[in-house]
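This is the structure I want to talk about, given as structure tokens.
The values are calculated or read from the model by the stated rules, or taken from the named source; none is laboratory data. Computed from a predicted structure; not experimentally measured. Reconstructed Cβ throughout: ideal geometry from the backbone, glycine too, with neighbour counts over all protein chains shown.
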Amino acid sequence: MEEQQHIPHLTGQEITEKMQQGLAGLDTNAKRVLVIIPDGTRTAPIPLMMRALYQVVGHQARQFDVIIALGTHQPMSDAALEHHLGMSASERTQLRNFRVMNHEWYTPGTLVQIGTVPDSEMRAITKGILTEPSAVLINKQVLEHDQIIICGPVFPHESVGFSGGNKYLFPGVAGFETINTFHWLSAMLTTMGIIGIEDTLVRRLIDKYATYVNTPVTCVSFVSSQAGVHALYIGDAITSQRMAAEVSAQVHITYLDKPVKTVIAHAAEQYDDLWTGGKAMYKSEPVVADGGRVLIHAPHITEVSYTHGKWLDEAGYHVRDYFAKQMDRFAHIPKVALAHSTNVKGAGTYDAETRIEAPRIQVDIATRIPRDRTEHINLGYVDLATVSIDDWQRRAKDDDSILVIPHAGEMLFRLKGAKT
């Protein structure tokens, strides 16, 4: 296993100084500022970032509004927001014109269409994978402010390559139709064809969507881990994200010399359903040998998806071609749910004539989701009582065909020499 390059983390003072330098030319005096930040499914020192942003540009703004880039995740409760921001609701009221809101992607009145990517451009951008025009839907708060500040971390990502930048607009605060479109593009390209790659067709489509946003956008892109913040770049959404992605590739990717047969991925506690906990699979799949196995170990997970559970109960978890070759059958299922399904199931084949599905690897889950539901959605069930992480770690010391990943979901594992 190749050791990560050691990149020291920044102190709180250094972060504030970088904010001051990077935002020095940004005039927010008496303006309506909208800050877009991630929800709690990313490792990031959001309280530190918010204090620094408010200190540098927030106190003089007419409005300083913060919106949580949920995509289609569940809204954050008041208690969750208090923890996420590091300040209570009463403390926030003491800050002038400070307001926090969830992105209500599920409420039609909060969205507005700002354009349409025509079919000719969709064909060109996606190399013919998508051929229909795409509506560009986004939260209307984006239009009702004078300045947008995106502030979020960059990690290897299963649907776009690396997260961050304009991804905080699309899907962060986008409408469901737009989210569906590019997630299906990512599903067709497959997770292993995208994850940890900066220039992807999905990234190009997201950046195209962003050209329809007329409100000025400044982006604070940073690279964080459990150790802290390793780098921070401020500028336009494309440039700052790319610079952060270069550092993320050094911090968040571990290279193995050879494939493993078994991965025990202990999903990070920040993932509260399989929808988010599936990252434990996405980030380890590239190093699993054909015929191998990934076990997602997540004793804290009790639900498939708080948002899309009913669709996944109906569609189940299958390889890409299972859906691609039966699109009429699954036309009523949101494509974002189908994309998630194929991401978790991984690579494989489906023969439409014989109706035989052949996943490349076996995916099992040890969660508090009952056996009957687990098997109904076409995943392997493992009783939590039979799994000991300590035991697997001991076995892994003497068997290099076993990989145990603590806090799985943010570190990407890849084979040395693999094409990127």
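Is it the case that some residue within segment 303-315 is in a helix (DSSP H, G or I), touching a residue at least 24 places away in the same chain (Cβ under 8 Å) and among the acidic types (Asp, Glu)?
Yes, that holds for at least one residue.
Here's another thing I want to ask about it. Quick check on my filter: what residues within segment 111-167 are closer than 23 Å to Met243 by Cα, of a type in the set (A, V, I, L, M) and in a strand (DSSP E or B)? Talk me through it step by step, then tell me what you get.
In the first step, residues of segment 111-167 are kept if they are closer than 23 Å to Met243 by Cα; the result is 125, 147-167.
Next cut, of a type in the set (A, V, I, L, M) only: 125, 148-150, 154, 160.
Answer for segment 111-167, where residues must be closer than 23 Å to Met243 by Cα, of a type in the set (A, V, I, L, M) and in a strand (DSSP E or B): Ile148, Ile149, Ile150.
Hey, another quick one. Which count do you get for residues in segment 298-335 that are of a type in the set (S, T, N, Q) and within 16 Å of Phe176 (Cβ to Cβ)?
Qualifying residue count for the region: 2.
Collect the residues in segment 115-142 that are surrounded by fewer than 20 Cβ atoms within 10 Å (Cβ to Cβ), closer than 20 Å to Gly71 by Cβ and within 24 Å of the chain's Cα centre (by Cα), keeping them in residue-number order.
Ala135, Lys140, listed by residue number.
Looking only at segment 208-233, count how many residues are surrounded by fewer than 23 Cβ atoms within 10 Å (Cβ to Cβ) and either assigned by TED's automatic domain parsing to the domain that holds Pro406 or not aromatic (Phe, Trp, Tyr) (or both).
16
Hey, His84 hits all of (1) assigned to a strand (DSSP E or B); (2) touching a helix residue (DSSP H, G or I) at 6+ places or on another chain (Cβ under 7 Å) but one; which does it fall short on?
That leaves (1) as the condition not met.
For every residue, the table says whether it meets (1) farther than 15 Å from Ile138 by Cα; (2) in the same structural domain as Ala408 (by TED's automatic domain parsing); (3) among the hydroxyl-bearing types (Ser, Thr, Tyr); (4) touching a residue at least 24 places away in the same chain (Cβ under 8 Å).
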residue	(1), (2), (3), (4)
Ala44	yes, no, no, yes
His59	yes, no, no, yes
Phe64	yes, no, no, yes
Pro75	yes, no, no, yes
Thr93	yes, no, yes, no
Gly115	no, no, no, yes
Pro118	yes, no, no, no
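Does Val202 satisfy the criteria of being within 16 Å of Gly71 (Cβ to Cβ), modelled with pLDDT of 95 or more, assigned by TED's automatic domain parsing to the domain that holds Asp236 and aliphatic (A, V, I, L, M)?
Yes: the conditions hold for Val202.
Follow-up. For segment 240-267, which residues satisfy the criterion of being hydrophobic (A, V, I, L, M, F, W, C), out of contact with any Asp or Glu (no Cβ under 7 Å at 6 or more places or on another chain), touching a residue at least 60 places away in the same chain (Cβ under 8 Å) and over 20 Å from Leu312 (Cβ atoms)?
Passing the criteria: Ala244, Val247, Ala249, Val251, Ile253, Leu256, Val260, Val263, Ile264.
Go through Phe222, Phe182 for me and flag whichever is modelled with pLDDT under 95, within 27 Å of Met76 (Cα to Cα) and outside any loop (DSSP other than H, G, I, E, B).
After ruling out the rest, the residue left standing is Phe182.
Looking at segment 339-356, which of its residues are buried (at least 23 other Cβ atoms within 10 Å of the Cβ) and among the hydrophobic types (A, V, I, L, M, F, W, C)?
Ala339, Val344
Do we find a residue being surrounded by 15 or more Cβ atoms within 10 Å (Cβ to Cβ) and more than 24 Å from the chain's Cα centre (by Cα) anywhere in segment 397-407?
Yes: segment 397-407 contains one or more residues that are surrounded by 15 or more Cβ atoms within 10 Å (Cβ to Cβ) and more than 24 Å from the chain's Cα centre (by Cα).
Sticking with this one: Please determine, by comparing only the residues of segment 14-71 that are assigned to a helix (DSSP H, G or I) and either touching a Phe, Trp or Tyr at 6+ places or on another chain (Cβ under 6 Å) or among the acidic types (Asp, Glu) (or both), which one is surrounded by the fewest Cβ atoms within 10 Å (Cβ to Cβ).
Step one: list which residues in segment 14-71 are assigned to a helix (DSSP H, G or I), which gives 14-22, 46-58.
Narrowing the set further to residues that are either touching a Phe, Trp or Tyr at 6+ places or on another chain (Cβ under 6 Å) or among the acidic types (Asp, Glu) (or both) leaves 14, 17, 58.
On the way: Glu14: 12, Glu17: 14, Gly58: 23.
Selected residue: Glu14.
Ok, one more. Please state which one of Arg373, Arg394, Arg355, Arg414 is under 27 Å from Glu303 (Cα atoms) and among the charged types (D, E, K, R).
Arg373
Yes or no: segment 321-338 includes at least one residue that is under 17 Å from Ala268 (Cα atoms) and crowded, with 16+ Cβ neighbours inside 10 Å. Don't jump to the end; show me each part of the working.
Let us first name the residues in segment 321-338 that are under 17 Å from Ala268 (Cα atoms), namely none.
Among the residues of segment 321-338, not one is under 17 Å from Ala268 (Cα atoms) and crowded, with 16+ Cβ neighbours inside 10 Å, which makes the answer no.
Is it fair to say Ser248 is touching a Phe, Trp or Tyr at 6+ places or on another chain (Cβ under 9 Å), surrounded by 20 or more Cβ atoms within 10 Å (Cβ to Cβ), closer than 19 Å to Ile37 by Cα and among the polar types (S, T, N, Q)?
yes
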